[in-house]
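Each reported figure results from applying straightforward, stated rules to the coordinates on display, with no laboratory input. Worth saying up front: this structure is predicted, and the values here are computed from it rather than measured. FYI the Cβ positions are ideal-geometry reconstructions off the backbone, even for glycines, and counts take in every protein chain you see.
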């Protein structure tokens, strides 16, 4: 019987399992036991090595010098920001980690722990046991390409910690030069590994290769948020399409059909749909291909399953509306007759009305709850959804104004959006999901006090995320406001002008 996924022994030995049978040919030839899963090893105490060997949880909790009664995936060294950059001397105990960690150097162990502690909670609405970014760790330990991409992401975020929102200069070196060098080195290795994988049809079809490219999109958010994310996005879409075109049995043998793989596969598909939808609103027309690997019908069917496994928590219904509006905006440049123009005007007007009718509270109430932290999240998720709803209404109306050559007052919608942003600022967990609505508000607002409020909101966003695209968003808005003051008039042309800034921005 052909195996659906590599055996544990081959993964632990870092060899390519032939997936032939149980035991597999590789294990038979090597004379080792072919294990399907990692064997449970019972030991006395909480650790099999190091200073905690033989120590029980009760002893650790009672000890005056105990750091914690819970051992994380990788124990973190208690160092200052200055000392923590000296990764060459770190001796990170493995705790309850996978044996394959023994092959990693101390710096890689530290950044892997940093990924689990910081990155996993950063790019998700609510961190939980269902977090797909954390589940990627189990795959990364047996896939060197994915591991390098995860380490690059962790090192770049760590390097950004010493940067200033007000005085950020992309041309100057950060305070922690050694960590910056680590980030560049891991990124270089990740890109080389992905490039090598792309020359192998089998590796191209693997979920881990798609996941590695997917992580590079988030790496671009940490680095700048412009000019590279779209290439990574298009590459991930092509890899997914290539994988879907493989014969069923071959695809199952390559990717496996485990629950973790299915969760990650669905997560990457849905987040690519989200990123390309919101990303298309602030870039040149037709920059992104309209070839999402995930059909809209499947997105809607899975909405209630994905909100707590979502990057931003924007309702999929609103995403589909924004996508439709963007397509009409892009088609303005292709309209050759009045009939086509009238069609797009009618289409956008209908979609804007559908957005206005969307009930955020009903949406939030009907979402499942995965854990105690989510039980009281209904009002929070409703407010987050409201910010996207109001942003979509403003965006849609400005596209309609461009199509109709009109100028509609949106003061009431803008006031509501500003209020929702003020509410989201009470929680860094929610604010980090709202960059797109903040940018819509910034492009629309004219009052100096409101503009200053939005810059303060972006600075708070930066402090909680350390994503450089937030700093660039602030610079884009400040240039936009300067241009408006020079023109001495209110204009809705930002809906088109934002895509002519000379760089393709991912403001999410």
If I model a spin label at residue 419 and residue 354 as a point 7 Å from the Cα along the Cα→Cβ vector, what separation in nanometres do I get?
2.7
Descending semi-axes in whole angstrom, ellipsoid equivalent of the stretch 325-470, from the Cα gyration tensor
30, 20, 13
Using 7 Å Cα-to-Cβ label points, what is the residue 340/residue 479 separation (nm, one decimal)?
3.0
Testing the spin-label approximation: label points 7 Å from Cα along Cα→Cβ at residue 260 and residue 22. State their distance in nm.
1.7
Mean projection area, nm², convex hull over Cα of the stretch 415-508:
5.7
Length gained if residue 13 through residue 411 is fully extended, taking 0.36 nm per residue and subtracting the Cα-Cα distance, is 137.0 nm
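Can you sort 284, 479, 156 by how many other beta carbons sit within 10 Å, fewest first?
The order, fewest Cβ neighbours first, is 479, 284, 156.
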Could you pull out which residues in the stretch 417-442 have an amide N less than 18 Å from a spot 7 Å beyond the Cα of residue 130, following the Cα-Cβ vector?
430
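Highest mean first, what order results for 267-277, 401-411, 186-196 on Cβ atoms within 10 Å?
Working: 267-277: 23.5, 401-411: 14.0, 186-196: 17.4.
So the peptides 267-277, 401-411, 186-196, ranked by packing, come out 267-277, 186-196, 401-411.
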Per the rule of 0.36 nm per residue minus the C-alpha distance, extending residue 463 to residue 117 adds in nm 122.9 nm
